[in-house]
Structures are given as C-alpha cells and as structure tokens.
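Peer 1: Got a structure for you, questions after.
The values are calculated or read from the model by the stated rules, or taken from the named source; none is laboratory data. Since we're looking at a predicted model, the values are computed, not measured. When we count neighbours, we look across all protein chains shown, and the Cβ atoms used for this are built from the backbone with ideal geometry, even at glycine. What goes into the accessible areas is simple: the full protein's heavy atoms, side chains included, and nothing from ligands, DNA or RNA. Shrake-Rupley method; radii C 1.70, N 1.55, O 1.52, S 1.80 Å.
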Amino acid sequence: MTTPFVLAVPSKGRLQEQAEAFFTHAGLALAKPRGAREYRGTIMGLDNVEIAYLSASEIASQLARGAVHMGVTGEDLVRESIVDADRRVLLIDSLGFGSANVVVAVPQAWIDVRTMADLDDVTSGFREQHNRRMRVATKYINLTRTFFATHGIVDYRIVESAGATEGAPAVGTAEMIVDITTTGVTLAANGLKVLDDGVILRSQANLVASREADWSSEARETGRVILDHIAARARARKFREVRTRFTGCNAALLAEAQKRFGVELPFGGPTSSGMVTLHCPPAQLYGLGSFLRDHGAETVSVASLDYVLGRENPLFARLQAFLGS
Ligand SMILES: Nc1ncnc2c1ncn2[C@@H]1O[C@H](COP(=O)(O)OP(=O)(O)OP(=O)(O)O)[C@@H](O)[C@H]1O
Ligand SMILES: O=P(O)(O)OC[C@H]1O[C@H](OP(=O)(O)OP(=O)(O)O)[C@H](O)[C@@H]1O
Ligand SMILES: [Mg+2]
C-alpha cells in the first residue's frame, strides 16, 4: 500500500469546531472510525487519506518537518514556530475564522507611551535608570524579536510566558507583553493597552501545505481532489445565482452588468429568448436585480450556491507552483 496523504486538523481549542465545519461544508466529511477520542481519522469517500488530530501548535511544527502534507492552523503559530516559513510551507488560503492579532501591549498608566518610537525612548531610559533591561512577557519570542528589531528597539529582554501572559505586568514579572488578542477584553481587564503601531500580525486560520512532505504523484492527486472540493465551496460562497428571462436581455446589457456589479456569466448567454444565469457577489444583488427590472425583467430569482466546480482550481495551481514539478 502507498503511504497515506496526511491532513492535520485541530483536535481541540479555538480552531477545532470551525475547522471541522470548514471541511464538512466543502463536502469532505471527516470520520473517526474508532470514536471521539481517537486521534486518527479518515475522510468519507476518499481512500488513502489519514486525518491527524493535533493541537494547532503541533500542526505548525509537523508541517515544518513534513510529517503531514496539509493542515489547518493559525498564521501566528506558523510565523512564530517555523524559521523561513515562506520557503518551507505554503499558506494556501486563509479560512475566515480563528482571527486574532498578535500585539505589543503596555500598562494603560504609561500615558506618554503610544507608539513603538515612544517605547524605544522609555526602554533606553529604563535601562539607564534601573541598570537592567525592560522585560517583555510572551510566548511569541521570534515574532517579538523580529518586530522589535525592525523598530530599532534593543534595550529589552524576553521573559518566556506559557499562559496568563496579560497578568505579568501586574505581578511584576515583566513590564509589558506581546500576546494575542481578539476582543481586547483580557487586555482591558489587566489594565493594558495596545500601542498604535503595535500590531505585529493579523492572524487567522489558514490551510497550509508542507514542502517537506512526501509529495508522491498519488499524494499530489489526493491534494488536488481535496483542494478541488475546497475551491468549489469557496467559489460558491463568493456568489449567488441569479436567473431571469426577458427580451431586452442582450450582450450589451450583460456587459454593463459585469462592469457595474462584478457579475460573472458561468454559462455564457443570454439565449435567444433572453434567458440567462448570472453569478453575482452577495453585496451587489439588490443593485443587479433593480438594474435587470429597470431594463425589462419581470422576475429575477436569486438562489445560494453549494458548490461551483470550475475547470480551473486556483488553490491547486498555487500548490503546484510552490512544490515545482
Ligand atoms: N482569542 C484567541 N486567543 C488565543 N488564540 C486564538 C484566539 N483566537 C484565535 N486564536 C488562534 O487559535 C490558535 C491557538 O489555538 P489553541 O490555543 O487552541 O491551540 P494551541 O496553542 O495549539 O493549544 P494549547 O495552547 O492548548 O497548547 C492560534 O492560531 C490563535 O491565533
Ligand atoms: O482579546 P480576548 O478576546 O480577551 O482574547 C485573548 C485571550 O484569549 C487567549 O487566552 P485563552 O483563553 O485561550 O487561554 P490560554 O492563555 O490558555 O491560551 C489569549 O491567550 C488571550 O489571553
Ligand atoms: Mg492556547
């Protein structure tokens, strides 16, 4: 038997539920043959695929090592834990969930410190005054080092923090922090504020591919099928299907609709009787419907799409370009 294609899916935490829903919506039903506590699974109807249920941070490191072909994890974890990430992994697509910002936050009481430049001044002053460097509590050590370096800040020391990082300034183990925030509630509850230019990374969950994995021709073909499902779903979500028929519906009118509303004509048209099927971005639906009625349409129907299978698969094209042939 050939070695399986391994797809890593978060097994717990912030990303688990939405990652599973993401695959289900793409028509890839994940199954755990031996029950909920099993950490290996399959995709129904797809042979030779193994699902590896892992924590989001473990997925980032397995992608770096090539132990899994593809996985879902946060961009923050990819950028923090993989040196030279853009060479070793490909962020195939962002998935629209798991959003969080990695930020530099300081006590609200530091009213004169609003920017990284202000922070640079106080870190230098602090060192002269206290004869030690300011401490930054974080688990994002690499992201912090790179970001502080680009702002020319050198007078600081990192204190590694495994959890409850926001509490560090209050308990006196650090002066400031770098951590992830979504709503800002935890920062506010701990009397901290984000610096104006202190957003290091806007992260969200991504579908990521590993360069180092065993990309046999079978593995590439499995990757193509998985990405084909995902691309079909992604394209369906970007559009609604609009149908109408009226005699005044002609090529010139549809060309104007394409220009004004960003519609696509998946099947060409209109037919000789003026029948047409359009794909329209959701935000433009009312405008398009009004436009078509103004030009003679009696009825315009709008329906949502589950999948749109195109000949092109932009996601797989990206993967192929990354892996080379
Ligand atoms: N409010 C949030 N707090 C923390 N992480 C978040 C938040 N929103 C989204 N995420 C994302 O979730 C991912 C981390 O998830 P989680 O903490 O469950 O995984 P983990 O760090 O691998 O697990 P653990 O911390 O238990 O080892 C990161 O990519 C992070 O960006
Ligand atoms: O901006 P907010 O919406 O308040 O969210 C941010 C907080 O959520 C996360 O902690 P989590 O609850 O996951 O605990 P952890 O420290 O164990 O990861 C993160 O580490 C922050 O502390
Ligand atoms: Mg966590």
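Peer 1: Pairs under 8 Å by beta carbon, first residue open to solvent by 30 Å² or more (accessible area, probe 1.4 Å) in segment 198-221, partner polar (S, T, N, Q) and more than 16 Å from ligand 1 (Cβ to nearest atom), six or more apart or different chains?
Peer 2: D214/T3; S216/T2; S216/T3; E218/T2; E218/N48; R220/Q320
A quick yes/no check of all residues on (1) more than 30 Å from S290 (Cα to Cα); (2) at pLDDT 95 or above; (3) out of contact with any Ser or Thr (no Cβ under 8 Å at 6 or more places or on another chain):
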position	(1), (2), (3)
F148	yes, yes, yes
E160	yes, yes, no
A168	yes, yes, no
T183	yes, yes, yes
L195	yes, yes, no
E212	yes, yes, yes
I226	yes, yes, yes
R240	no, yes, no
R243	no, yes, no
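Peer 1: Tally the residues that are of a type outside the set (A, V, I, L, M, F, W, C), buried (at least 24 other Cβ atoms within 10 Å of the Cβ) and away from ligand 3 (no atom under 16 Å from the Cβ), restricting the search to segment 51-82.
Peer 2: 2
Peer 1: For segment 83-99, give me each residue that is touching a Phe, Trp or Tyr at 6+ places or on another chain (Cβ under 9 Å) and open to solvent by 10 Å² or more (accessible area, probe 1.4 Å).
Peer 2: Result: L90, L95, G96, F97.
Peer 1: Could you grab me the full set of residues in segment 1-22 that are more than 16 Å from ligand 2 (Cβ to nearest atom) and free of Cβ contacts under 8 Å to residues at least 40 places away in the same chain?
Peer 2: Start the filter on segment 1-22 by keeping residues that are more than 16 Å from ligand 2 (Cβ to nearest atom), which leaves 1-9, 20-22.
Residues satisfying the conditions are E20, A21.
Peer 1: Filter segment 11-22 down to the residues that are more than 14 Å from the chain's Cα centre (by Cα) and either closer than 9 Å to V72 by Cβ or away from ligand 3 (no atom under 16 Å from the Cβ) (or both) and list them by number.
Peer 2: Matches in segment 11-22: E20, A21.
Peer 1: Something else about it: Of everything in segment 175-197 that's assigned to a loop (DSSP other than H, G, I, E, B) and more than 13 Å from ligand 1 (Cβ to nearest atom), which residue is surrounded by the most Cβ atoms within 10 Å (Cβ to Cβ)?
Peer 2: The initial filter retains those residues of segment 175-197 that are assigned to a loop (DSSP other than H, G, I, E, B), namely 175, 182-184, 190-191.
Next, from what is left, pick out any that are more than 13 Å from ligand 1 (Cβ to nearest atom): 175, 190-191.
Working: E175: 22, N190: 18, G191: 14.
Among residues in segment 175-197 that are assigned to a loop (DSSP other than H, G, I, E, B) and more than 13 Å from ligand 1 (Cβ to nearest atom), the one surrounded by the most Cβ atoms within 10 Å (Cβ to Cβ) is E175.
Peer 1: Output the helices (runs of 4 or more DSSP H) that fall wholly within segment 1-89 and possess 3 or more residues being more than 14 Å from E212 (Cα to Cα), or say none. Step through it out loud before you land on a result.
Peer 2: Numbers: elements: 16-25, 56-65, 75-81, 85-88.
Those helices (runs of 4 or more DSSP H) span 16-25, 56-65, 75-81.
Peer 1: May I pose another question? Kindly indicate whether any position in segment 116-125 is under 10 Å from V178 (Cβ atoms) and either outside any helix (DSSP H, G or I) or at pLDDT 95 or above (or both).
Peer 2: Residues of segment 116-125 under 10 Å from V178 (Cβ atoms): none.
No: zero hits.
Peer 1: Sticking with this structure for a sec: Can you tell which of V136, V102 is open to solvent by less than 90 Å² (accessible area, probe 1.4 Å), in a strand (DSSP E or B) and either assigned by TED's automatic domain parsing to the domain that holds F23 or within 16 Å of ligand 1 (Cβ to nearest atom) (or both)?
Peer 2: V102
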